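The values are calculated or read from the model by the stated rules, or taken from the named source; none is laboratory data. Being a predicted model, the structure only gives us computed values, none of them experimental. Positions of Cβ are backbone-derived with ideal geometry, glycine not excepted, and every protein chain shown enters the neighbour counts. Protein only, heavy atoms only, side chains kept; ligands, DNA and RNA dropped before computing areas. Shrake-Rupley method; radii C 1.70, N 1.55, O 1.52, S 1.80 Å.
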Amino acid sequence: MENVLRPVIVVGGSVVLTLLVGWATDLLLRKASAGHPETPLWGLLRRALIPYQLVLCAALLRGSYDQAQLLEDHRDGIGHILTLVLIGSAAWLVIRIAGAVVETSYSRYARMHRDPARVRRVRTQVSLIMRVVAAVVGVVAASAMLLTFPTMRTAGTSLLASAGILGIVAGVAAQSTLANLFAGLQIAFGDMVRIGDTVVVNSEWGTVEEITLTFLTVRTWDERRITMPVSYFTSKPFENWSRGGAQMTGIVYFHVDHSAPVEAMRDKLRDILRECSAWDGRAFGLNVTDTTPNTIQVRALMTAKDSDDLWTARVAVREQMIRWLNEEHPYALPRVNTGGAVAPPSRNGHAWADGTARGGHESRDTGDLGSYELPDGRFRKAPESSRTGRG
């Protein structure tokens, strides 16, 4: 009977104690979260309850398993498994706690500072720091697990002797990976590009959605995702429309006839922008910037608080200005001239009867129905039908 009760008491007691401690901890975190709504730390710590209970249960079972006297032939193997579970769950717990602390710090910083650019920079740095912490903790946990195997301890001694050669080989083999890794750190702390920035890369306009240690994701206006190595942003030029502030200036070009009412167009632009909620009211203007034989180029300028509003303002100006010209000043729209051209004068001051100068001469009637003068000054006989009036 004792052989049955002992394992049940040891294993069951460990599980029940783990559940009770987890429940009590969760209750305390809930009360702390309700009492301090200004900080999300206590609510975020609740995400660590599962690894916390797993660590507690593995530690209790590892410490009391010898007293259970269960499967004694496999005692070493079960003890080793419990050790591995304890190391893995402890690493998981450390990552969750670190994530809660870092995210709480970021939330507090975001509430205190109203500068969107600075907040996005801190958000980028925080996300990359968490990835570095998770990677370091994961490597340390994996190394600790491997060192629990006796054969790995022996292998580690021999590997230390050739660590220099292995480091060189690994560095050459992972050159691009290491370059991306250091580029990711450079982007995070060099403030080159941040999560939420509006960028133009490879002629594609989009918003930075995710930055990792090795790649960066840009979400385009049509919901596509462009994934690029972070080393691209440290080695090639790109446009960052959010750098130094989100305010932007945009332009819209119109090609109109030379008779277009430019002053009226300027007044209409002012009226359009006053009714457009996307215009921030900083500046606007309309000027003739170029001319061609058939049209003139008119540039309309407007400002907005960010790239999204600028797009909306440009679309509204383009659409309403064209509609207004079509309804109120249709003559100002570009036209294709189809009238006859004025003939240039010939070299002797005359032109042909059909309005074109041909070689500087004209066809002259000689008074003789049987002949006529050619442009080169020679005379040729007219056809018989011309002389007789037939045909």
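Points to keep in mind about this one:
- Which numbered condition residue 242 misses (of (1) open to solvent by 20 Å² or more (accessible area, probe 1.4 Å); (2) of a type outside the set (D, E, K, R); (3) in contact (Cβ under 8 Å) with a residue 60 or more places away in the chain): (1)
- Taking each residue of the stretch 134-153 that is over 10 Å from residue 91 (Cα atoms) and looking for partners that are open to solvent by 70 Å² or more (accessible area, probe 1.4 Å) and among the charged types (D, E, K, R) with beta-carbon atoms closer than 8 Å, six or more apart or interchain, yields 147/153.
- Candidate set: the stretch 217-234, residues that are open to solvent by 40 Å² or more (accessible area, probe 1.4 Å) and assigned to a loop (DSSP other than H, G, I, E, B); chosen: the one farthest from residue 186 (Cα to Cα): 222
- Any chance residue 270 is open to solvent by 30 Å² or more (accessible area, probe 1.4 Å) and under 28 Å from the mean Cα position of the chain (by Cα): no
- Listed by position, the helices (runs of 4 or more DSSP H) contained in the stretch 1-103 that have at least 3 residues being farther than 24 Å from residue 131 by Cβ, modelled with pLDDT of 75 or more and touching a Lys or Arg at 6+ places or on another chain (Cβ under 8 Å) are 2-35.
- Test: residue 107 is hydroxyl-bearing (Ser, Thr, Tyr), out of contact with any Lys or Arg (no Cβ under 6 Å at 6 or more places or on another chain) and in contact (Cβ under 8 Å) with a residue 40 or more places away in the chain: yes
- Some residue of the stretch 127-142 being within 26 Å of the chain's Cα centre (by Cα) and closer than 23 Å to residue 306 by Cβ: yes
- Scanning the stretch 278-311 for residues that are crowded, with 17+ Cβ neighbours inside 10 Å, of a type outside the set (D, E, K, R) and not in a strand (DSSP E or B) yields a total of 4.
Yes/no per residue for (1) within 17 Å of residue 92 (Cα to Cα); (2) open to solvent by 50 Å² or more (accessible area, probe 1.4 Å):
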| position | (1), (2) |
| --- | --- |
| 27 | no, yes |
| 34 | no, yes |
| 38 | no, yes |
| 44 | yes, no |
| 50 | yes, yes |
| 55 | yes, no |
| 59 | yes, no |
| 62 | no, yes |
